[in-house]
Amino acid sequence: MVSSDGTTENGNGESWSIKRMIFWSADYLVGKGVENARLDAEWLLAEALDMGRLELYLQYDRLLDSVEKSTFKSLLLRRAAREPLQYILGKTSFRELDLLTDKRVLIPRQETEVLVESVLNWGSNKKQGLGNVLDLGTGSGAIGISLALEGECSRVVATDVENDALAVARINAERNGVGDLLEFRSGSLYSTSHSEEHFDVIVSNPPYIPDNEACGLQPEVLEWEPVEA
């Protein structure tokens, strides 16, 4: 496969089983400082082989052909360069959602799932449910789409100052079956709302890392995720 400098090692003709590839690539990613190296290696190999991650274990002794090895190598090198796994795969899971995820948006975090859960719990105690929801700085659309899908919403207005982010959010709303429940608006914070509008819930997960702490972030965040988000 690839050595630490990206060159081929062990010869092109050597056989590589799924099992061997997982163990070798996990060690390789550990050497590059990647957290969850084994899990990431499995996801990347599953992507290269176009199969589910758990299927790898059912075909542990299956040998990879040259095309599969080449495809996996390109994915592995991207992760070794600390590009986030979600950007490489082009997707991520968030609660019940399957979200398109690329360099136009921040990767949804587990903490944001907690925020969604809190809003849903609040709405469950209201006769009218969540009512009209305003999602400020929607990014990938994770919050607004989750509330539209899981909560009792009359409508959800999702805003973002970045049109590229709104494009991703629109795709995510459609692919999760709630495109007709969300309205997307371009603008900063409350500038997109009208004076006569009423919202029962205003939710946002704005940037919360001070600039003076940014240098301590993981390369996946500091070097790859959009600074403006």
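Summing Lys and Arg as +1 and Asp and Glu as -1 over all other residues whose Cβ lies under 14 Å from the Cβ of Ile18 gives a net charge of -1.
Residues Leu75, Leu58 in ascending order of nearby Cβ atoms (within 10 Å, fewest first): Leu58, Leu75.
For Lys69, a cut-off of 27 angstrom between C-alpha atoms picks up these lysines, skipping any fewer than 8 places away in its own chain: Lys19, Lys32, Lys91, Lys103. Here each label is just a point 7 Å from Cα along the line to Cβ, and for Arg62 and Glu152 those points are 4.6 nm apart. Counting only Cα atoms, segment 39-107 measures 37, 27, 17 Å along its principal axes, largest extent leading. Measuring spread by the Cα atoms of segment 91-224 yields a radius of gyration and Dmax of 14.7, 46 Å. Could you work out the local net charge near Asp180, counting Lys and Arg as +1, Asp and Glu as -1, over the other residues with Cβ closer than 14 Å to its Cβ? Once positives and negatives cancel, what remains is +1. Length, then width, then depth: along the principal axes, the Cα atoms of segment 79-165 run 50, 24, 17 Å.
Here the extension length gained between Ser186 and Ile202 equals 4.1 nm, from 0.36 nm per residue of separation less the Cα-Cα distance.
Only Cα sites of the chain enter the Debye sum here, all with the same form factor; the resulting log10 I(q)/I(0) across q = 0.15 1/Å is -0.99, listed in q order. Basic side chains Lys and Arg get +1 at the Cβ, acidic Asp and Glu get -1 at the Cβ, and with that the dipole of segment 18-81 about its Cα centre reaches some 200 debye.
Read-outs: derived from the displayed coordinates by stated rules, not from any lab. On a predicted model such as this, the values are computed, not experimentally measured, just so you know. Cβ sites come from the backbone with ideal geometry, for glycine too, and all protein chains shown count toward neighbours.
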